[in-house]
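Heads up: the structure comes next, in structure tokens.
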Amino acid sequence: MTRGPLLLALVLATSACGLRPLYAGGESGQVAQTLRSVGVQPIPGQSGYLVRSALVDRLGATDASPRYRLQVELDDEIEGFGIRGDSAVTRERRTLRARYRLVEAATGAVVLDATAGSDVGIDVVSSEYATLAAEQSALERLSVILADQIVARLGLFATRTGAQ
């Protein structure tokens, strides 16, 4: 029966710590408005297409003339690291890294310059088709992970700078 006062104390302590939801205000909130004002520049290559598509999905509908431009440079690598006795690769690591810049469209000033990245392991099997399919699936997963990291960082930028 002592859970009630303990829960009340926890709620009061949490509200006093200064934490607030990143997406406070929903669609009309500061972060959502900032994210909708970001235009994603084309990114070359298949990995670029996948990352850009994921970013556009997460940022929402952009304005006809966005306030910010997001420029992304990708580095996509596959490295073999599991080696059998006959020197055949049994495991690969696919790494996708991004350097991205948020540029204010009106002035051309870079307001955020950051990186994101992730990697995933891939089993190399006797079927070349299965291995290629696994590499493609890994790229699709990594594209989503990178887009989530970038959008989260843009949200923090919007919160910290008061950008709208």
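Among the residues here, residue 160 does not qualify as assigned to a strand (DSSP E or B) and either farther than 20 Å from residue 57 by Cβ or over 13 Å from the mean Cα position of the chain (by Cα) (or both).
Going through (1) free of Cβ contacts under 8 Å to residues at least 40 places away in the same chain; (2) not in a strand (DSSP E or B) one by one, residue 155 falls short only on (1). With respect to the stated conditions, residue 131 fails to be closer than 22 Å to residue 150 by Cβ, modelled with pLDDT under 95 and not in a strand (DSSP E or B). Among the strands (runs of 3 or more DSSP E) confined to the stretch 45-126, the ones with at least 1 residues that are surrounded by 13 or more Cβ atoms within 10 Å (Cβ to Cβ) and touching a residue at least 60 places away in the same chain (Cβ under 8 Å) are located at 68-83, 89-104.
Of the residues making up the stretch 53-105, those that are modelled with pLDDT under 90, closer than 18 Å to residue 119 by Cα and touching a Ser or Thr at 6+ places or on another chain (Cβ under 6 Å) number 1.
If the condition is being touching a Leu at 6+ places or on another chain (Cβ under 6 Å) and more than 26 Å from residue 59 (Cα to Cα), then the stretch 121-156 contributes no residue at all.
Right, residue 123: modelled with pLDDT of 95 or more and charged (D, E, K, R) or not? Taking the combined requirement at face value, the residue does not satisfy it. Checked against (1) small (Gly, Ala, Ser); (2) at pLDDT 95 or above; (3) within 23 Å of residue 156 (Cα to Cα), residue 47 passes all but condition (3).
The values are calculated or read from the model by the stated rules, or taken from the named source; none is laboratory data. These figures come from a predicted structure and were not determined experimentally. Here Cβ is always computed from backbone atoms with ideal geometry, including for glycine, and neighbour counts include all displayed protein chains.
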